[in-house]
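Participant: Let me give you the structure first, and then I'll get to my questions.
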Amino acid sequence: MKYLVWSLALLLFTSCAFHRGDLVSNIPNEPVEHVDKAIGVATTVKVFGIGSTKKDALVREAQQRMVVNRPLEGDEAYNNITTDFKTTWFLFVHK
């Protein structure tokens, strides 16, 4: 009985996380100086499978935040863009 209680407690207080990512790179003909990093983050939460947006909308929101956090100046361009997805499950909540 004690083993069952500890197993259920462990199950209730653990979560699972999965990571997936993509890299998009634009390679110019001349050498490029990398000046800074631009980061944009977007999150969503589902409870019982309800209350989320599509991945395209999340990527667009993260891109908009990236542009706000690090606007381009002069002839700068964004390069080596990485899109990472982290999915976390905790009981009936999916983030």
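Participant: For the chain, which longest stretch is free of loop sites, where a loop site is one of the chymotrypsin sites (Phe, Trp or Tyr not before Pro) that DSSP puts outside H, G, I, E and B and that has at most 14 other Cβ atoms within 10 Å?
Facilitator: Longest gap between qualifying sites, sites excluded: 14-47.
Participant: Return the calculated 222 nm mean residue ellipticity for the chain, to the nearest 500 deg cm²/dmol, obtained by summing -39500 (n - 2.57) across DSSP H runs with n ≥ 4 and dividing by the residue count.
Facilitator: -8500 deg cm²/dmol
Participant: Identify which of ASN29, ASN80, ASN69 has the largest mean-square fluctuation in a Gaussian network model of the chain, with springs joining Cα atoms closer than 10 Å.
Facilitator: Residue with maximal mean-square fluctuation among ASN29, ASN80, ASN69: ASN29.
Participant: Calculate the FRET efficiency for TRP6 and THR87 from the Cβ-Cβ distance with a Förster distance of 35 Å, rounded to the nearest 0.05.
Facilitator: The computed FRET efficiency comes out at 0.80.
Participant: Still on this model: Enter the angle in degrees (range 0 to 90, nearest 10) between the Cα long axis of helix 55-69 and the first principal axis of the Cα atoms of the chain, meaning the one along which they spread out most.
Facilitator: Result, in degrees: 50.
Participant: Using C-alpha positions alone, give me the convex hull volume of segment 35-95 per residue in cubic angstrom.
Facilitator: 83
A short reminder: the numbers here are calculations on the coordinates, not readings from a lab. What you are looking at is a predicted structure, and each value in this text was computed from that prediction instead of being measured. Neighbour counts run over all protein chains shown; Cβ positions are idealised from the backbone, glycine included.
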